[in-house]
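Peer 1: I have a structure I would like to understand better, so I am pasting it below and will then ask my questions one at a time.
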Amino acid sequence: MWESVYYYRKKEKREQHFNQDVLIYGATPAGITAAITLRKNGYSVRIAECSRFIGGMTTSGLGATDLGAEQAIGGLARQFYNEIANYYGMDKCVRFEPHVAERIFRTWLQEQEIDVQTEQFIESAVLENQSIQQVRMTDGTTYEAKQFIDASYEGDLLAHAGVEYIVGREAGTVYKEIYNGVQFGTQHHKFESFIDPYKEEGNPSSGLLYGISEDNVTEHNGSGDHRIQAYNFRICLTKDQKVAFPKPNGYERNHYALLLRYIKAGHWDAMKLHTPLMNGKTDLNNHGAFSTDFIGMNYAFPDANYETREELYQKHVTYVAGLLYFLANDEEVPSVIQEEVRQWGLASDEFIDTDNWPRQLYIREARRMIGEYVMTEHHALQRIFCEKPIAVASFHMDSHHCRRVVVNGRVMNEGDIQIPVKPFMIDLRALLPKKEHCVNLVVPVCLSASHIAYGSIRMEPIFMMLGQVAGTAVATAIRESKPVQDISYEQLKQQLIEQGHIVEWDESFVDDPLRRMEETFGGK
């Protein structure tokens, strides 16, 4: 029985009230670095987290770090990776086991005596004069604070606070971008052969194979829509002390009929992006035309209620676990593939309390705030340079596929983008809501960026750094008794530099974007 869940519906009413200088929603890496920063500045802070766990994707299987340019990493993010390296007795290490990352984060939280309240789902937020006064959870718990940070992957606090946001892909015309919106013609993760999409090959009246949208494709490249890039789980696998891939509840063999057809056409790459970690473990990510990404099945997730999110979460668990079970056991899968997959299993010493299954669904993109300033591909491609830089992003612009459709009688994936970038600066204002919406909230994860710019920024090391920025910004706002939009940028910048943070890219640094993209290719 799978114990990994998203929504804890049986949570008893607590009716507790907490008062602190800053309430952080989300024990993601951004939430943790924000909390550490605030405590080091002498402010009281509490984290409210929807799951029972800490660390987000960094502690949930994403051990093959999407690093980008190494010299762009500073502050607490650099400290984290230094401690990873120290643990393994190495000079450098950015590929780690999940439990090691969790140990480091827990030690940080314990050293700073930071309280993390788990199983907390927002029910409402009370605002007065565009200032959040209190946040109430579904179990009755309330949090009162001077400043708030939304460090969640979903952007739930910003939504409840009435902050403007978008879900989906903007049309290219919105910000004059060429890589946003609908994207056909990708060179990556595409079907390499003409694969018939119908249950009975050549017979459209027989219906489509599972996972193929019935959309009648009429859009041109660059058209905007509501779709978001696919979610999956990052699976920690091993050949030693392994747990055989289990048959998940709700397993449906026909969900992999398209994959079987693709395999029989001579293509086998579903487990290719299988990045080695430490101690014989790996981080399995999506790769190729049909893999662990549950394409087109997450559109409702960002704005869904918690019960619906739980249903979608379990569908993702069933799909990804079912894929591994199918490849290892189905009688029609070629024996050479079965033998390869059966060498591997879930790591028996990871995620003990969730049957060795990763706890965090990889929510690559959900809500994105529309704030005072919007990061776009023009920043990533260095056509525009921001005026208030606070961190450096450097991973390639990366969107996974958003849908699977039929075009001219063949199945096609749509939405994948992989564009190399040079390191570029992120503007402070992209973390801030418009002043008319909220004056005491900072958003380091679901920040203000277009779909394609977010595809570069959305990496865990960047979130760690933006969390540190958020913590420093709200500390400054409390100290200056000002809305976050009115704090002194120069003072903030100086504080970040003193914390060892990389605010701007130094051209003396050495970086090769094309080489980096080749090394990390596959789409993280």
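Peer 1: Mind checking Rg over Rh on region 410-524, alpha carbons, Kirkwood formula for Rh? The partial results should precede the final answer.
Peer 2: Working: Rg = 16.9 Å, Rh = 16.2 Å.
Dividing the radius of gyration by the Kirkwood radius yields 1.04.
Peer 1: Right, something else. Label 7 Å along Cα→Cβ of residue 338; region 304-322 residues with amide nitrogen under 19 Å?
Peer 2: Only 322 pass the distance filter.
Peer 1: Can you check what the Kirkwood hydrodynamic radius comes to for region 143-210, Cα pairs only, in Å to one decimal? Walk me through the intermediate numbers first.
Peer 2: On the way: mean 1/r = 0.0583 Å⁻¹.
17.1 Å is the Kirkwood radius here.
Peer 1: Follow-up. I'd like to know which of 149, 26, 107 lies farthest towards the positive end of the charge dipole of region 1-157, counting +1 on Cβ of Lys and Arg and -1 on Cβ of Asp and Glu.
Peer 2: 107
Peer 1: Now, a different point. What net charge do the residues around residue 101 carry, taking every other residue with its C-beta under 13 Å from that of residue 101, with Lys and Arg at +1 and Asp and Glu at -1?
Peer 2: Values: positive: 95, 103, 106, 234, 281, 359; negative: 83, 97, 102, 283, 350, 460.
Local net charge: 0.
Peer 1: Can you give me the Cα centroid spacing of region 275-293 and region 115-178 in angstrom?
Peer 2: Their Cα centres are 32 Å away from one another.
Peer 1: Here's something else I'd like to know. From the gyration tensor of the Cα coordinates in region 157-196, what semi-axes in whole Å does the equivalent ellipsoid have, largest first, with each one equal to sqrt(5λ)?
Peer 2: Details: eigenvalues 208, 47, 10 Å².
Over the Cα atoms of region 157-196, the ellipsoid semi-axes are 32, 15, 7 Å.
Peer 1: Any chance you could list P(r) for region 337-493, counting all Cα-Cα pairs in 10 angstrom bins from zero, rounded to whole %?
Peer 2: Using 10 Å bins, I get a P(r) of 10, 30, 26, 20, 11, 3, 0 for region 337-493.
Peer 1: While we're looking at this one, here's another question. From the gyration tensor of the Cα coordinates in region 28-72, what semi-axes in whole Å does the equivalent ellipsoid have, largest first, with each one equal to sqrt(5λ)?
Peer 2: On the way: eigenvalues 104, 60, 6 Å².
Semi-axes (√(5λ), whole Å): 23, 17, 5.
Peer 1: Over the residues of region 442-485, compute the C-alpha Rg and express it relative to 2.2 N^0.38 Å. Mind dumping the intermediate values first?
Peer 2: On the way: Rg = 12.0 Å, N = 44, 2.2 N^0.38 = 9.3 Å.
Here the Cα radius of gyration is 1.29 times the empirical estimate.
Peer 1: Mind listing the phi-derived Karplus ³J(HN,Hα) values for region 309-323, rounded to whole Hz, using 6.51, -1.76 and 1.60 with θ = phi - 60°, and x for any glycine or proline?
Peer 2: Those phi angles translate into 4, 4, 4, 5, 4, 5, 5, 5, 4, 4, 5, 5, 5, x, 4 Hz.
Peer 1: Continuing with this model, one more query. For q values of 0.10, 0.18, 0.23 Å⁻¹, compute log₁₀ I(q)/I(0) with the Debye formula on a Cα-only model of region 247-377, without solvent.
Peer 2: Debye curve over Cα of region 247-377, log10 I(q)/I(0) at q = 0.10, 0.18, 0.23 Å⁻¹: -0.40, -1.13, -1.56.
Peer 1: Could you tell me, in Å, what Rg and Dmax come out for the Cα atoms of region 318-430?
Peer 2: For region 318-430, the Cα-based Rg and Dmax read 20.7, 60 Å.
Peer 1: Taking Rh as the Kirkwood radius computed over C-alpha pairs, what is the Stokes-Einstein D of region 211-320 at 20 °C in a medium of viscosity 1.002 mPa s, expressed in µm² per second? List each step's numbers first, then the result.
Peer 2: Numbers: Rh = 16.2 Å.
This corresponds to a translational diffusion coefficient of 132 µm²/s.
Peer 1: Treating the beta-carbon of each Lys and Arg as +1 and of each Asp and Glu as -1, no other charges, what is the dipole magnitude of region 158-259 about its Cα centre, to the nearest 20 debye?
Peer 2: On the way: 10 positive and 13 negative charges, 115 e Å.
About 560 debye.
Peer 1: Determine the calculated [θ] at 222 nm for the chain from helices alone, applying -39500 (n - 2.57) to every DSSP H run no shorter than 4 residues and normalising by the residue count; nearest 500 deg cm²/dmol. Don't skip to the answer; put the middle values down first.
Peer 2: Values: 13 runs with 138 residues, N = 524.
Here the helix-only value at 222 nm equals -8000 deg cm²/dmol.
Peer 1: With just the Cα atoms defining each centre, how far is region 318-387 from region 241-260? Give it in Å.
Peer 2: Using only Cα atoms to place each centre, the spacing works out to 16 Å.
Peer 1: Assign unit charges at the C-beta atoms only (+1 for Lys and Arg, -1 for Asp and Glu), then state the dipole size of the chain relative to its Cα centre in Debye, rounded to the nearest 20.
Peer 2: Values: 53 positive and 72 negative charges, 30 e Å.
Computed charge dipole of the chain: roughly 140 debye.
Peer 1: Can I ask one more? Quick one: which residues, 5+ away or cross-chain, put their amide H under 5 Å from the amide H of residue 165? H built at 1.01 Å from N.
Peer 2: The list, which skips near neighbours in sequence, is 370.
Peer 1: So what's the net charge close to residue 11: Lys and Arg +1, Asp and Glu -1, counting the other residues with Cβ under 9 Å from its Cβ?
Peer 2: Details: positive: 9, 10, 13, 14; negative: 12, 119, 139.
With Lys, Arg at +1 and Asp, Glu at -1, the neighbours total +1.
Peer 1: Mind ordering 110-123, 417-430, 456-469 by average Cβ neighbours within 10 Å, highest first?
Peer 2: Details: 110-123: 16.3, 417-430: 22.5, 456-469: 27.2.
Ranking, from highest mean packing down: 456-469, 417-430, 110-123.
Peer 1: Something else now. Under the Kirkwood approximation for Rh and a Cα-based Rg, what ratio Rg/Rh is obtained for region 65-207? The partial results should precede the final answer.
Peer 2: Working: Rg = 23.2 Å, Rh = 21.0 Å.
My calculation of the ratio gives 1.11.
Peer 1: Show the residues, 5+ positions off or on another chain, whose built amide H is closer than 5 Å to the amide H of residue 134.
Peer 2: It is 126, by chain and number.
Peer 1: In region 1-158, what is the volume of the convex hull around the alpha carbon atoms, normalised per residue and reported in Å³? Working shown, then result.
Peer 2: Numbers: hull volume 21.0 nm³, N = 158.
Dividing the Cα hull volume of region 1-158 by its residues yields 133 Å³.
Peer 1: Below 8 Å, C-alpha to C-alpha, sequence gap of six or more: please give me the relative contact order for the chain in percent.
Peer 2: Contact order relative to length: 23 percent.
Peer 1: Can you give me the pair-distance distribution of region 466-513, C-alpha pairs, 5 Å bins, whole percents?
Peer 2: Spelled out bin by bin, region 466-513 gives 5, 20, 27, 18, 12, 8, 6, 3, 1 percent.
Peer 1: Among all the lysines, which ones have a C-alpha under 17 Å from residue 281's C-alpha, if same-chain residues fewer than 8 places away are not counted?
Peer 2: Here the lysines satisfying the reach criterion relative to residue 281 are 239, 242, 272.
Peer 1: Please name which of 60, 407, 133 has its Cα lying farthest along the dipole of the chain towards the positive end, using unit charges on Cβ (Lys, Arg +1; Asp, Glu -1) and the Cα centre as origin.
Peer 2: Checking the options against the dipole of the chain, the answer is 133.
Peer 1: Name the residue from 212, 194, 231 whose Cα lies farthest towards the positive end of the charge dipole of region 187-231, charges +1 on Cβ of Lys and Arg and -1 on Cβ of Asp and Glu.
Peer 2: Farthest towards the positive pole: 231.
Peer 1: I need the semi-axes of the equivalent ellipsoid of region 408-472: take the C-alpha gyration tensor, multiply each eigenvalue by 5, square-root it, list largest first in whole angstrom.
Peer 2: Taking √(5λ) for each Cα gyration eigenvalue gives 30, 16, 10 Å.
Read-outs throughout are calculated quantities, based only on the coordinates presented, and are distinct from any laboratory measurement. In this text the structure is predicted, and so the values were computed from the model without any measurement. Every residue, glycine as well, gets a Cβ built from its backbone with ideal geometry; the counts of neighbours run over all protein chains shown.
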